[in-house]
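*Asks:* Sharing a structure below in C-alpha cells format, with a few things to ask.
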C-alpha cells in the first residue's frame, strides 16, 4: 500500500520508513505538513501517517485539510505523536485522524493498526462500488428507487441530475422493429 509519512523528526521518520518498507509498503517521506499537503494534492494516498507537531502545517491542521478535501477515495490517517493522554487522543480524532499512536511506536502494534487500516480502506472501496450499482429490471429496464418503488430510468436520472433526455431510434432498433412495423402498415421503403 502507498503510505505518505509527514514527520519532521529525522530519526523517527527513518525508523518508520524502514518498518513500513520491511512490511512491504511503498513509502513517501515528507519533513513537514506543507510538503505532505503538496504531495497529497499531487497523488492519491490511501494512508497518511502524520506527526502532530511539525513546522508550517501541524498534524491537526493537515488532518482537517485532508478531510475538507472530500475526495472520492478515502484516505486513512494515523496520528503518530509524542503527545499522549485522552485529551490529545480526542483532539486528534476530532481533527480527522482515524487512529492514534504514541511515540516511540511498537512495530507489532503499528503492523496490527495497518491491518485494520487496510481492512477499513477495503470496506470503503466496496461500499463505494455498491453505492454505484443501480438495480435495473432485466425485462422492462425500470429502476428501483430508494423507497423500493420502480420507475422509468429516465425519470430516476432526471430526479437526481440535471440531465434531460431526447429520444430517437438507434439503427439496430429501426431495422429490427420500426421497419417491420412500417412494412406491416404498407408504408413503402425509402
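The values are calculated or read from the model by the stated rules, or taken from the named source; none is laboratory data. Remember, it's a predicted structure, so these values are computed and weren't measured experimentally. Don't worry about glycine lacking a Cβ; one is built from the backbone with ideal geometry, like all the others, and counts go over all protein chains shown.
*Asks:* Which of the following residues is assigned to a helix (DSSP H, G or I) and in contact with a strand residue (DSSP E or B) (Cβ under 7 Å, 6 or more places away or on another chain): 28, 14, 21?
*Replies:* Working: 28 fails: assigned to a helix (DSSP H, G or I); 14 fails: in contact with a strand residue (DSSP E or B) (Cβ under 7 Å, 6 or more places away or on another chain).
From the options 28, 14, 21, the qualifying one is 21.
*Asks:* OK, next. Counting only residues that are closer than 16 Å to residue 4 by Cα, give me the helices (runs of 4 or more DSSP H) lying completely in the range 31-108 with at least 2 of them. Reasoning before the result, please.
*Replies:* On the way: elements: 33-42, 59-69, 86-95.
Filter on the range 31-108 gives 33-42, 59-69.
*Asks:* Within the group 179, 152, 160, which residue is touching a strand residue (DSSP E or B) at 6+ places or on another chain (Cβ under 7 Å), at negative phi and free of Cβ contacts under 8 Å to residues at least 12 places away in the same chain?
*Replies:* Of the residues listed, the single one that is touching a strand residue (DSSP E or B) at 6+ places or on another chain (Cβ under 7 Å), at negative phi and free of Cβ contacts under 8 Å to residues at least 12 places away in the same chain is 152.
*Asks:* Looking for something within 30 Å of residue 126 (Cβ to Cβ), in contact with a helix residue (DSSP H, G or I) (Cβ under 8 Å, 6 or more places away or on another chain), assigned by TED's automatic domain parsing to the domain that holds residue 6 and in contact (Cβ under 8 Å) with a residue 40 or more places away in the chain - is there at least one such residue anywhere in the range 28-42?
*Replies:* No.
*Asks:* Which one is nearest to the chain's Cα centre (by Cα) among residues in the range 159-190 that are modelled with pLDDT under 80 and under 22 Å from residue 138 (Cα atoms)?
*Replies:* 160
*Asks:* Could you please let me know if residue 3 is in contact with a helix residue (DSSP H, G or I) (Cβ under 8 Å, 6 or more places away or on another chain) and either outside any strand (DSSP E or B) or free of Cβ contacts under 8 Å to residues at least 12 places away in the same chain (or both)? Give the derivation first.
*Replies:* On the way: in contact with a helix residue (DSSP H, G or I) (Cβ under 8 Å, 6 or more places away or on another chain): yes; either outside any strand (DSSP E or B) or free of Cβ contacts under 8 Å to residues at least 12 places away in the same chain (or both): no.
Considered against the rule, which asks whether it is in contact with a helix residue (DSSP H, G or I) (Cβ under 8 Å, 6 or more places away or on another chain) and either outside any strand (DSSP E or B) or free of Cβ contacts under 8 Å to residues at least 12 places away in the same chain (or both), residue 3 comes out as no.
*Asks:* Now a separate question. Exactly one of these conditions fails for residue 134: (1) in contact with a helix residue (DSSP H, G or I) (Cβ under 9 Å, 6 or more places away or on another chain); (2) outside any loop (DSSP other than H, G, I, E, B). Give me its number.
*Replies:* (2)
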